[in-house]
Amino acid sequence: MATTELRISPEDVKQAAAQVKERIPEPGLVVIFGASGDLTKRKLLPALFHLEQAGLLPEQFRIVGVARRNLGSAFREDMKEGVLEFGGVKDGVDKLEEFVSKVDYHAMNFDDDAGYDQLKTLLESFDRDYGTRGNRLFYLATAPEYFADIVHRLGTHGMAKPEVGTARVIIEKPFGHDLESARELNDDVNTVFSENQIFRIDHYLGKETVQNVLVFRFANGIFEPIWNRNFVDHVQITAAESIGIEGRGPFYEKAGALRDVVQNHMMELLSFIAMDPPASFAAEAVRREKIKVWTSIKPLNIFDCVRGQYGPGIVGNQMVKGYREEDRVDPDSHTETYAAIRLEIENWRWAGVPFYLRAGKRLAARATEITIQFKQPPLLLFGANGQGGCEIQPNILTMRIQPDEGISLRFGAKVPGPQMAVCPVVMDFSYAQAFGASSANGYERLLLDAMLGDATLFAHRDGVEATWALYTPVLEAWAKKYPQTFPNYAAGTWGPQCGDELIGRDGHTWQAIRVPARAKAE
Ligand code: BG6
């Protein structure tokens, strides 16, 4: 009789992963505007090299960096350093030199028409010399104030609607700084490119563990029936960072935590947790379900939105500055480095279930986690104290997005012995143990998808506007009333008291974050 093996060995998992068939994009060029910035060196080039290593780039492929400074061949060297330093790659590895030889640079000002003409000529010469067939993926990694102008000039210089090949544009965040500016930018970009050419990137969607939220929910039969207000007590989403603003004072002063991570990364996580099953995994179907979630959120009550700013403190055994002492930050700054939000989704699935979001810099550890707390059983058969065991605790499902990626489920188990004593235990799945550690940074998948023209994991204009519509009133209210208490948390702690009070009002506490030793100092 045939039997089904319940345990799947790590080897089986690896073999299955190796058999996944990947799609390889058409020959083409990736043109990165703002290429001298950190993003290109730290994330984009390492990600492109990872794709090359995995055999996922076409042979006829080139990367062109575009920026103002006259970098010449130094650019290529700098990009190689980036791949080595941030890509977890050792010098001399297979394919590295060949990859680096495909990197070029074009210096120009973003408002210089002659520069666009020269760029066009250069790209056409690459088509002839390297067989890139007129396919271009433009990546806007500049400061956001240049986005509209670059897009406009790509249009007027004939690079947006090519006669031969395809043109696509990836636009980095922040996509606008409030509802009005996001609408304006959408209008500007949509006059030049059609929606199916536009890829608004949120790198959280490139993370394996974020995509796994959908797989966990929709590729398994046992969770979906309990994924609703009948069984879920509340949901918490934490995006904690131990780093500060990393020299990005001027950017962060204008952004703050709400704009920097809540309106985008955290709302993406929320939509994956809360959405209904899409009709298919096609871009339109997935985006539609996400937008339904965001537009069902009750307008935020300002008392359900709290903010904080870090003062000096100790992170990873080191004394660090407060936010106001950071380089190029106003010593009286009112910018929030922490935000916590309580919200409700008014639909049949979630009515009455609070969702708590918190994000902050210079917190005690780096950890992005989602916890789903389930309701207690209707009858505590073994008493609230489990007959001498621990206090009976609700089931909690934790999805660890990063670091220490994995999923765990807490449940009560009988303590061995003559009593019916109950204690919480944890069932744990670790990504690294099952699939091995990965050096991917999330951009691999997104760059590949954009080259393939698959927008499933990118934001749609309606989605961007829906999330800005939610947070713009909060930002406006915050801008009118400066907090008198800043700084209100010490670096290296779990944030201000108002964050604890926000969730405490409903009788809950933030779930303790399990911090692996290596993550503490990150
Ligand atoms: C970026 C923010 O979008 O995301 C940064 O601008 C933040 O401030 C970063 O540090 C967090 O990304 P990750 O992948 O490190 O969680």
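The values are calculated or read from the model by the stated rules, or taken from the named source; none is laboratory data. Note that the structure is a prediction, hence the values are computed from the model and not measured. Using ideal geometry, Cβ is built from the backbone for each residue, glycine included, and neighbour counts are taken over all protein chains shown. Calculation scope for accessible area: heavy atoms of the full protein, side chains included, ligands and nucleic acids excluded. Shrake-Rupley method; radii C 1.70, N 1.55, O 1.52, S 1.80 Å.
So the values come out like this:
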item: Region 226-337 - percent relative contact order, Cα under 8 Å, separation 6 or more; result: 29 percent
item: √(5λ) per eigenvalue of the Cα gyration tensor, region 206-343, largest first, Å; result: 35, 16, 15
item: Region 110-257: radius of gyration over Cα atoms, expressed as a fraction of 2.2 N^0.38 Å; result: 1.40
item: DSSP-assigned coil residues among chymotrypsin sites (Phe, Trp or Tyr not before Pro) in region 267-308, each with at most 13 further Cβ atoms within 10 Å; result: 281
item: Theoretical gain in end-to-end length, residue 145 to residue 328 [0.36 nm per residue, Cα-Cα removed]; result: 64.0 nm
item: The chain, relative contact order [Cα under 8 Å, separation at least 6], %; result: 17 percent
item: For region 285-427, average projected area of the Cα convex hull in nm²; result: 13.8 nm²
item: Solvent-accessible area per residue for region 361-445 (1.4 angstrom probe, square angstrom); result: 50 Å²
item: Phi-based couplings in Hz for region 132-138 (Karplus 6.51, -1.76, 1.60; Gly and Pro marked x); result: 8, 6, x, 8, 10, 10, 8
item: Lys, Arg +1 and Asp, Glu -1 on Cβ, resulting dipole of region 303-399 about Cα centre, debye, nearest 20; result: 200 debye
item: Cubic angstrom per residue, convex hull over Cα atoms of region 436-496; result: 170 Å³
item: Degrees, to the nearest 10: 113-130 long Cα axis against longest axis of the chain; result: 90 degrees
item: Between 0 and 90°, nearest 10: helix 283-295 axis offset from the chain longest Cα axis; result: 50 degrees
item: Area projected by the alpha carbon convex hull of the chain, averaged over all directions, nm²; result: 28.2 nm²
item: Whole-angstrom Cα spans of region 392-446 along principal axes, big to small; result: 54, 20, 12
item: Local net charge near residue 245, Cβ-Cβ under 15 Å (Lys/Arg +1, Asp/Glu -1); result: -1
item: For region 100-184: rounded, prolate or oblate by the Cα gyration tensor [a/c cutoff 1.5]; result: prolate
item: Sparse-neighbourhood loop sites, GluC sites (Glu not before Pro) in region 239-320 - DSSP loop, at most 13 other Cβ within 10 angstrom; result: 246
item: Karplus (6.51, -1.76, 1.60) ³J(HN,Hα), θ = phi - 60°, over region 41-57, in Hz, Gly and Pro reported as x; result: 6, 7, 10, 5, 5, x, 5, 5, 5, 4, 5, 4, 4, 7, x, 9, 9
item: ³J(HN,Hα), Karplus 6.51/-1.76/1.60, whole Hz, each residue of region 259-276, x for Gly, Pro; result: 6, 6, 10, 6, 4, 10, 4, 6, 6, 5, 4, 4, 5, 5, 6, 9, 5, 7
item: 10 Å-binned pair-distance histogram of region 331-409 (Cα, whole percent); result: 14, 30, 32, 19, 4, 1
item: Compactness index (Cα Rg / 2.2 N^0.38 Å), region 100-147; result: 1.26
item: Over 27 Å (Cα to Cα) - which of 41/120; 292/361; 161/292; 90/207; 43/95; 43/481 fall in this group; result: 292/361; 161/292; 43/481
item: For region 26-181: relative contact order, % (alpha-carbon pairs under 8 angstrom, 6 or more apart); result: 30 percent
item: Descending semi-axes in Å of region 263-352, equivalent ellipsoid built from Cα gyration tensor; result: 36, 16, 12
item: Stokes-Einstein D in µm²/s, Kirkwood radius over Cα pairs - region 66-134 at 10 °C with 1.306 mPa s viscosity; result: 116 µm²/s
item: Within the accessible area of the chain (1.4 Å probe), percent carbon and sulfur; result: 52 percent
item: The chain: calculated mean residue ellipticity at 222 nm from DSSP helix runs of at least 4, using -39500 (n - 2.57); result: -9500 deg cm²/dmol
item: Helix 208-218 vs. the chain, principal-axis angle (Cα, 0 to 90°, nearest 10); result: 60 degrees
item: Cα-based Rg / Dmax (Å) for region 362-489; result: 22.2, 63
item: Cα-based Rg and Dmax for region 161-240, where Dmax is the largest Cα-Cα distance (Å); result: 18.5, 55
item: Rg followed by Dmax, in Å, when region 16-132 is reduced to its Cα trace; result: 14.8, 51
